[in-house]
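The values are calculated or read from the model by the stated rules, or taken from the named source; none is laboratory data. All of these numbers come straight from a predicted model, not from anything done at the bench. Cβ placement follows ideal geometry from the backbone for every residue including glycine, while neighbour counts extend to all protein chains displayed.
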Amino acid sequence: MRRRFLWNFSLFQKILLIIIAVIIVFVLFASAIIITAKPEQVGKGLRKIDPSPVTVEKKGGSTTSVYTDLGQLRAITADNPVVVIIVTPYFSYPANDKAFFEEIAQKKLQLKSVILNYFSVHEKAELIKMGEDKVKKELIQKINDELVLGSITALYFEDYNFLN
């Protein structure tokens, strides 16, 4: 005679299997209710990713180029102990403005310094409270203060991550 699978378990093991099954069903049911009842809350705490440099350049057509040479920056915040933030900034500029591009290229180190200094005077909680959009607006202003031959209107972050 063959024994069935469930008959091989003791009473205690059967009870544990039932409890696990009930927990799994409860978690799935609760998740479904939360997702359907409040869909605007799903992913609320997640960062909305900026378009890639290629996408920004394509969107601007032949009149726009994207400056990505600032690379990935590791900034520290004003927290004690410090928190490291990884940012990879890039921005668009008029493709036909060679003088402006040359100014940006010459001031590359200054622009990196502006970004690093900005994060060094703010704490992590303050940056999170301000939100990424406000951080970008303030950085655009500070970057444009360094530029003479033109200005940028949009700043993007490929990376914007806090390391604890």
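Data for the structure
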read-out: Single unsatisfied condition, A105 versus (1) among the small types (G, A, S); (2) modelled with pLDDT of 90 or more; (3) surrounded by 13 or more Cβ atoms within 10 Å (Cβ to Cβ); value: (3)
read-out: Complete set of residues in region 43-90 that are out of contact with any strand residue (DSSP E or B) (no Cβ under 8 Å at 6 or more places or on another chain), at pLDDT below 90 and surrounded by 12 or more Cβ atoms within 10 Å (Cβ to Cβ); value: T55, K58
read-out: Tally, over region 47-66, of residues that are among the β-branched types (V, I, T) and touching a residue at least 24 places away in the same chain (Cβ under 8 Å); value: 4
read-out: Residue match in region 129-140 (condition: farther than 18 Å from D50 by Cβ, loosely packed, with under 15 Cβ neighbours inside 10 Å and in contact (Cβ under 8 Å) with a residue 40 or more places away in the chain); value: no
read-out: Test: D69 is touching a residue at least 12 places away in the same chain (Cβ under 8 Å) and more than 30 Å from F101 (Cα to Cα); value: no
read-out: Selected residue [in contact (Cβ under 8 Å) with a residue 60 or more places away in the chain and either closer than 15 Å to E146 by Cβ or in a helix (DSSP H, G or I) (or both)] from F100, F91; value: F91
read-out: Breaking point among (1) free of Cβ contacts under 8 Å to residues at least 24 places away in the same chain; (2) under 30 Å from G61 (Cα atoms), for A105; value: (1)
read-out: Identity of the residue in region 73-88, in a strand (DSSP E or B) and touching a helix residue (DSSP H, G or I) at 6+ places or on another chain (Cβ under 9 Å), that ends up nearest to I49 (Cα to Cα); value: V87
read-out: Residue match in region 149-158 (condition: more than 27 Å from R47 (Cα to Cα) and of a type outside the set (A, V, I, L, M)); value: yes
read-out: Residue identified as touching a Lys or Arg at 6+ places or on another chain (Cβ under 9 Å) and in a helix (DSSP H, G or I) among L109, L116, L139, L70; value: L116
read-out: Failed item, numbered, when S151 is tested on (1) in contact with a helix residue (DSSP H, G or I) (Cβ under 9 Å, 6 or more places away or on another chain); (2) of a type outside the set (V, I, T); (3) more than 18 Å from V66 (Cα to Cα); value: (3)
